[in-house]
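A short write-up of the structure that comes next.
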Amino acid sequence: MRTTLLALTALAVVLTGAPAHVQAQSRTTSAIRGFVYGTNEAPLVGATVTVRQTDTGAERTGLTNQQGAFLLLLLAPGGPYTLTIQHLGYSQSAVEQIQLPVGETYTLEVYLAEQAVELAGIDVAVDRATIFTPTQIGPATRLTERVLDATPVLSRDITQLAVLSPLVRTTESGGFSVAGQNDRYNAILVDGLVSKDMFGLTAGGVPGGQAGAKLIPIDAVAQYEILIAPFDVRLSGFTGGVMNAVTRSGTNDWRV
């Protein structure tokens, strides 16, 4: 009987002391809650609220909600604190010498007066981008003479160079579809002259394509480009792409 009484007494002490211990742990900080109003006592949304402890310089910032309310938690008890409220178009307001009791919430209401604000001018400096030039007339793939010399083409056909463009694919008939268009809608230019099969009889789109003839030797090409939907008035008569080849010019040096 004595043992049972001691056990019940100890249990009562534990149950009585536990809430006090938890309560003491939770009452170690303070908070500031308030409402910010503007003209005609309308709530100010998005006002910046900053609380600063004068002794330590520690700051905490918050914004007001749709009701103009704000809540700053986990503040060290004591003070003094300075509360600053700012909103564009209104005068700044500050509340100083705020002392926060431990475990308590300091509540206040702040009213801001309208004030004209002169915004500083903005200087915009723009440098011309070197990657954009008047010569760029749309999506294009350009191959220089150096690239042509280093590109292996087994058929030695300049039209095969078109597949180096990411928008060109080979069709089942052996032609080239540019941006999904039929291969008969392409334009093939050599030194500015149209060099395509005007009747659409060959799959490759070049004269003599049925007999396996090549347009010009690939070694005679200096530069090659594939243009997709160019907005150049000098190019017309197609709805697919333009395969433009420029031949090399002669020199006084003997080349093997």
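The values are calculated or read from the model by the stated rules, or taken from the named source; none is laboratory data. Bear in mind the structure is a predicted one, so any value in this text is a computation, not a measurement. As a convention, Cβ positions derive from the backbone with ideal geometry for all residues, glycine included, and neighbour counts pool all protein chains shown.
Say whether the condition of being without any contact (Cβ under 8 Å) to a residue 24 or more places away in the chain, surrounded by 13 or more Cβ atoms within 10 Å (Cβ to Cβ) and over 33 Å from the mean Cα position of the chain (by Cα) is met by at least one residue in region 98-116. No, every residue in region 98-116 fails to be without any contact (Cβ under 8 Å) to a residue 24 or more places away in the chain, surrounded by 13 or more Cβ atoms within 10 Å (Cβ to Cβ) and over 33 Å from the mean Cα position of the chain (by Cα). Checking the stated criteria, Ile228 turns out to be at pLDDT 75 or above and under 19 Å from Thr170 (Cβ atoms). Name the residues in region 85-113 that are of a type in the set (D, E, K, R) and over 17 Å from Val49 (Cα atoms), would you? Answer for region 85-113, where residues must be of a type in the set (D, E, K, R) and over 17 Å from Val49 (Cα atoms): just Glu104.
So in region 36-61, with the set limited to residues that are among the hydroxyl-bearing types (Ser, Thr, Tyr) and at pLDDT 90 or above, which one is surrounded by the fewest Cβ atoms within 10 Å (Cβ to Cβ)? Here the residue is Thr61.
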